[in-house]
Amino acid sequence: MILDSEIASLASLEPLALELLKEPEVVIKVKLHLNLPTKGPIGIDAYLVYYCTVRGPPSKGGLRINENVTLEDVIQLAEIMTYKCALMDLPFGGAKAGIKANYELPQLDKNIIVREFVHKIRNEIVSGAYVFGPDLGTGPREMATIFGETHMRESVTGKPVGIGGVPGRLQATGYGVAKITEKAVSEILGKDLKDVTIAIQGFGNVGFWACKTLCELGAKVIAVSDKYGGTINFKGLNFEKLSQYSQQNNTVRGFNGSSISNEDLLRLQVDVLIPAAIENVITENNVSLLKAKMIVEGANAPLSNIAHEFLYKKGVPVVPDILANAGGVIASYDEWRISKAGLLITEKETLNDVERTLAKAFEEVLSFADSYKTSLRKAAYAIAARRIADTMIARGWI
Ligand code: NAD
């Protein structure tokens with residue numbers, strides 16, 4: 001459970017609200033029995049978790065495809081989504097779905113797996129209780145497969161634009177991470193983005209767009225990595241050439257003849273470190289080795305609780321995941337309501353909405369942390385928890 005006694009006290013949380021937020025409301029576990037073109041007969045575990053639905057339906061949270069994903073991971077990610085939606089003040093409950101399969105499987109296999117998952121949880125989708133979105137290992141292609149099964153535009157966000165996706169959704173999370181970084185550099189570090197150095201772990205949807213936007217804003221991104229390793233240039237990486245290299249080689253490792261391991265990237269002496277790949281990469285084992293002046297959580301839960309406490313005591317600000325990477329769910333809200341209404345939206349409108357909503361939440365979190373002398377993370381969770389408890393009161397749940 002994310003809420004500790006300090007967050008509960010900061011949020012003046014009613015005991016019953018705390019009780020309801022201790023565990024997930026609904027956990028669905030299914031086995032997908034398949035005969036895959038490249039693997040033959042196989043049984044695959046898949047999960048759908050609703051952590052708290054009080055601000056829904058629908059409940060929102062992406063679909064993760066990863067061979068290491070566990071039910072515990074999906075529960076934790078659904079819990080994070082609950083607070084992220086509340087912090088952004090979106091009328092969504094928090095959920096998450098996960099399929100335990102290799103995300104690098106051929107697309108044909110992936111389509112079959114995703115389709116079977118949609119069949120197995122069909123009632124959750126057609127009732128409008130759960131709305132799919134992209135996460136680690138999934139993107140517009142998988143969202144298109146889901147739409148192909150449901151034929152309901154509002155059942156899935158992150159779709160390609162031609163079938164009702166919103167322009168700007170693809171880049172929304174990384175764009176938001178970059179915009180929050182720009183604000184945090186200015187308001188917390190007191191610097192201009194053009195004068196700071198940045199390292200990014202992860203070059204998937206979040207890392208790629210964060211890197212692109214930061215480079216366009218004039219920041220010096222000196223290192224990036226993916227699961228195969230990274231590349232570094234102290235003068236700043238050339239994004240266009242890096243992007244071409246990554247497409248040709250399926251990795252950023254070795255770009256311009258330079259390599260860096262993921263562990264070393266995390267330890268670089270930079271102004272801002274953005275872990276934007278997977279969970280738990282900064283823990284009690286390596287947090288004392290970090291030299292970054294500020295951390296922006298691009299991924300969900302890349303820092304353990306112990307790492308958060310350590311950095312807070314050391315005076316290193318950490319912009320938490322539910323604030324930093326909420327751009328995706330803001331754009332997903334646009335896509336969901338536009339899908340329901342049959343309207344259109346431009347890329348500029350989507351990205352403006354992302355920037356405006358994030359900026360408002362950033363100011364709220366900063367001011368709360370300042371008033372209550374607490375970390376940005378605890379401030380963010382306290383604001384979100386209070387909003388959830390108020391909704392519980394409004395619905396007569398407590
Ligand atoms: P993705 O699958 O598009 O990319 C993941 C990236 O991480 C890839 O570059 C991959 O090579 C790298 N990676 C994988 N394992 C790694 C490892 N062990 N060490 C270092 N790098 C590794 O995923 P994504 O959509 O960019 O999501 C990344 C994170 O951001 C996840 O925590 C996800 O939950 C979170 N997130 C994603 C979105 C979204 O809209 N896609 C929204 C909010 C949060």
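What follows draws every value from the coordinates through simple rules; no lab data is involved. Just so we're clear, the structure is a prediction, and the values are computed from it rather than from any experiment. Note that we place each Cβ from the backbone using ideal geometry, even for glycine, and neighbour counts take in every protein chain shown.
Given a Förster distance of 41 Å, report the FRET efficiency between Ser9 and Glu263 from their Cβ-Cβ distance, rounded to the nearest 0.05.
0.65
Which aspartates and glutamates have a Cα less than 17 Å from the Cα of Lys22, not counting those fewer than 8 places away in the same chain?
Candidates past the 8-residue exclusion: Asp4, Glu6, Glu14, Glu72, Asp73, Glu79, Asp390.
Starting from 0 in steps of 10 Å, tell me what percent of the Cα-Cα pairs of the range 68-206 lands in each bin.
10, 34, 36, 15, 5, 0
Quick check: from the Cα gyration tensor, does the range 352-393 come out rounded (a/c under 1.5), prolate or oblate? It would help to have the intermediate numbers written out before the result.
On the way: a/c = 2.70, a/b = 1.10, b/c = 2.45.
Oblate.
Need the C-alpha centroid separation for the range 1-34 versus the range 187-249, integer Å.
35
Helix-derived [θ] at 222 nm for the chain: sum -39500 (n - 2.57) over DSSP H runs of at least 4, divide by residue count, nearest 500?
Working: 15 runs with 180 residues, N = 398.
Counting only the DSSP helices, I get -14000 deg cm²/dmol.
Using unit Cβ charges (K, R positive; D, E negative) and no other charged atoms, how large, in debye to the nearest 20, is the dipole of the range 170-316 about its Cα centre? Write out the running numbers ahead of the final one.
On the way: 15 positive and 14 negative charges, 56 e Å.
Value, rounded to 20: 260 debye.
Taking the Cβ of each residue in Phe310, Phe362 as the centre, tally the other Cβ atoms inside 10 Å and list the residues starting with the fewest. Intermediate values should be presented prior to the final figure.
On the way: Phe310 18, Phe362 21.
By the 10 Å Cβ count, ascending: Phe310, Phe362.
For Lys31, go through the aspartates and glutamates and keep the ones whose alpha-carbon is under 12 Å away, minus same-chain ones fewer than eight residues off.
Asp45, Glu116
Among His33, His308, His151, which comes first, second and so on when ranked by fewest other beta-carbon atoms within 10 Å? Intermediate values should be presented prior to the final figure.
On the way: His33 11, His308 22, His151 8.
Ascending Cβ contact count within 10 Å gives the list His151, His33, His308.
Which of Leu303, Leu90 comes first, and how do the rest follow, when ranked by fewest Cβ neighbours within 10 Å?
Details: Leu303 25, Leu90 19.
Listing Leu303, Leu90 from fewest to most nearby Cβ atoms yields Leu90, Leu303.
For the range 170-316, what is the Kirkwood estimate of the hydrodynamic radius, computed as the reciprocal of the mean inverse distance between distinct Cα atoms, to one decimal in Å? Please list the in-between numbers first.
Values: mean 1/r = 0.0672 Å⁻¹.
It is 14.9 Å.
What percent antiparallel are the DSSP beta bridges of the chain, to the nearest 5?
On the way: 22 of 45 bridges.
The answer is about 50 percent antiparallel.
Return the whole-Å distance between the Cα centroid of the range 316-337 and the Cα centroid of the range 351-391.
Between the Cα centre of the range 316-337 and that of the range 351-391, the gap is 12 Å.
Each label point is 7 Å from the Cα along the Cα-to-Cβ direction; what then is the distance between the points at Lys348 and Met1, in nm?
Distance between label points: 4.8 nm.
Below 20 Å, Cα to Cα, which lysines can Lys293 reach? Residues fewer than 8 away in the same chain don't count.
Lys179, Lys183, Lys191, Lys194, Lys220, Lys235, Lys313, Lys314, Lys373, Lys378
R0 = 22 Å: FRET efficiency of Ala394 with Ser127, Cβ-based, nearest 0.05? List each step's numbers first, then the result.
On the way: r = 22 Å, r/R0 = 1.02.
Calculated transfer efficiency: 0.50.
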